[in-house]
Amino acid sequence: LFLQVQNEDDERLADRLKVVQDKITAISDLHEILMEKARMNDVDLFSYLKAVSTKLSFSAEYNGKVDILGDNVKIATEAAPYIGIVLNELMTNSLKHAWEQRECEKEIIIEINELSDKLIFHYSDNGQGYDKKQIDQGLGTKLLDMLMLQQLRAKIVNCNKHPNCQCYELGKEVLLP
């Protein structure tokens, strides 16, 4: 794909191929991180999210802050790749769109909290924001829905902490005692 992108004359096609290339690279990177962090059947979610966000920040040359807050939670190894891909998609969306028309100190906040057998996953940035009703159902939105709502059986949670946030409640099946 890298060679195809470099040799493609059609700029629109090259851009689309680059997006596919980035997604494949992200999944490969997530797998590598997961193999480093995973033990027998659990993953330390806090350190995993830190590793994923650091790797993506570096590869995207992001020069803002990424704060990871919350509880030190162990999750099932099977759930980790899905959460990693979700974080990758959310951060990629922020990096592409959040600060297009707004100059400020860039900040992404990821918060994880365990509340009575549930995991709350909260993601936000301090970018310009968007109207969720105006977002088209592109590949990224479909991917988020498929992974969070279908694969992990999460529920969308309304959040008033930040204007630009996405918040999910995941069930106890992703948590480990």
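In table form, for the structure just shown:
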read-out	value
Unique residue being under 22 Å from residue 123 (Cβ atoms) and open to solvent by 40 Å² or more (accessible area, probe 1.4 Å) when the list is 92, 25, 77	25
Check on residue 86, among the β-branched types (Val, Ile, Thr), buried (at least 16 other Cβ atoms within 10 Å of the Cβ) and assigned to a helix (DSSP H, G or I)	yes
Selection within segment 72-89 - farther than 16 Å from residue 171 by Cβ and either among the acidic types (Asp, Glu) or in contact with a Lys or Arg (Cβ under 7 Å, 6 or more places away or on another chain) (or both)	89
Residue tally, condition among the acidic types (Asp, Glu) and in a strand (DSSP E or B), over segment 94-112	2
Segment 148-165: number of residues that are of a type in the set (S, T, N, Q) and open to solvent by less than 40 Å² (accessible area, probe 1.4 Å)	1
Of all residues making up segment 7-49, the number that are among the basic types (Lys, Arg), assigned to a helix (DSSP H, G or I) and modelled with pLDDT under 75	2
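The values are calculated or read from the model by the stated rules, or taken from the named source; none is laboratory data. Every value quoted in this text rests on a predicted model; they were computed, and no experiment measured them. Here the Cβ is made from the backbone with ideal geometry for all residues, glycine too, and neighbour counts use every protein chain on show. Surface accessibility is based on the protein's heavy atoms, side chains included, excluding ligands, DNA and RNA. Shrake-Rupley method; radii C 1.70, N 1.55, O 1.52, S 1.80 Å.
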